[in-house]
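What follows is a short report on a single structure.
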Amino acid sequence: MLPTYFISHGGGPWPYMPDMRAMLATLETALADMPNQLTEQPKAILMISGHWETKKLAVQSSPAPGMEYDYYGFPEHTYSVKYAAPGSPEVAARVAELLSAAGMPVDLDDKKGYDHGAFTPMEIMYPNKNMPLIQLSLKNNLDPAEHLAIGRALRPLREEGVLIVGSGLSYHNLRLFGAQAKVPSAQFDEWLQTTLMSSSPEQRHERIVAWDKAPQARVCHPREDHFIPLMVALGAAEEAEATRVYHDKNVFGGVTASSYRFD
């Protein structure tokens, strides 16, 4: 059975910018190691990105998705990069089947392209671009319990060779970087590590559903779009142990950020 992951995916199109890539070297090392941590080669990646929200769940169903350059103010060349991984209509249909069976309506979207919450980490994880990649949207209500239930419905995929990856950031306040972010990000990160790694499954569920009561929660996540992908990854592996697979205390000049594996 495959694990699931919640990853901090970095900022903007960082793999295509040498200076930014050097700053995120620790993240690059962690992402590059993810395929090595698996006991079997996935047949596809199901990515739940913090950059795709819909009112009703949607799953990417094109056999060859295009690109979405959903960032602003970066160098011109970053708006022409290509991550030409194949999609998988077959896996998309299976995702829709599982969600529908759990009473969660879902649309198949053959127009959705890869957003940077998906293609930037995949550029490091699978640089040969040969791993089928499918995205699943977040519901725009960003309800923690509902997204845990979405992950729960998708659990069978782990036994079917599909790697479930929640792609966001453990800290996402675009207005607070540098030294001012050091204390709040560290306090929230400590709470998150305790919640995921040192709590019973029941305690973990209670704490994660009430995540906004954590120390500095709303400082670190004024809006939780980059935190909710964790819920899907965790829901698909509720009884699993958590392992911290990435940790950096000086991202963007002072931010503490982490990623986790559940298996």
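Data table
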read-out	value
Residues of segment 61-93 classified as in a loop (DSSP other than H, G, I, E, B), surrounded by fewer than 19 Cβ atoms within 10 Å (Cβ to Cβ) and hydrophobic (A, V, I, L, M, F, W, C), total	4
Single unsatisfied condition, M23 versus (1) closer than 21 Å to R244 by Cβ; (2) modelled with pLDDT of 95 or more; (3) surrounded by 13 or more Cβ atoms within 10 Å (Cβ to Cβ)	(2)
Pair list, Cβ < 9 Å and 6+ apart or interchain, from segment 90-103 residues that are at positive phi to residues that are assigned to a helix (DSSP H, G or I) and at pLDDT 95 or above	G103/A153
Residue match in segment 94-106 (condition: at pLDDT 95 or above, surrounded by fewer than 19 Cβ atoms within 10 Å (Cβ to Cβ), closer than 28 Å to P15 by Cβ and among the charged types (D, E, K, R))	no
Residue identified as farther than 28 Å from W14 by Cα and touching a residue at least 12 places away in the same chain (Cβ under 8 Å) among V245, V219, V209, V165	V209
From the options A44, A30, residue that is touching a strand residue (DSSP E or B) at 6+ places or on another chain (Cβ under 7 Å), touching a residue at least 12 places away in the same chain (Cβ under 8 Å) and over 13 Å from I124 (Cβ atoms)	A44
Qualifying residue in segment 247-254 (condition: closer than 19 Å to E146 by Cα and of a type in the set (A, V, I, L, M))	no
Qualifying helices (runs of 4 or more DSSP H) (wholly inside segment 151-263; at least 1 residues being of a type in the set (S, T, Y) and modelled with pLDDT of 95 or more)	182-197
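Rundown of residues vs (1) in contact with a Leu (Cβ under 8 Å, 6 or more places away or on another chain); (2) outside any loop (DSSP other than H, G, I, E, B); (3) farther than 13 Å from V251 by Cβ, yes/no style:
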position: L2; (1), (2), (3): yes, no, yes
position: F6; (1), (2), (3): yes, yes, yes
position: M20; (1), (2), (3): no, yes, no
position: E28; (1), (2), (3): no, yes, no
position: A32; (1), (2), (3): no, yes, yes
position: P42; (1), (2), (3): yes, no, yes
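The values are calculated or read from the model by the stated rules, or taken from the named source; none is laboratory data. Nothing here was measured: the structure is a model prediction, and the numbers come from that model. Positions of Cβ are generated from backbone atoms using ideal geometry, with glycine treated the same way; all protein chains shown enter the neighbour counts.
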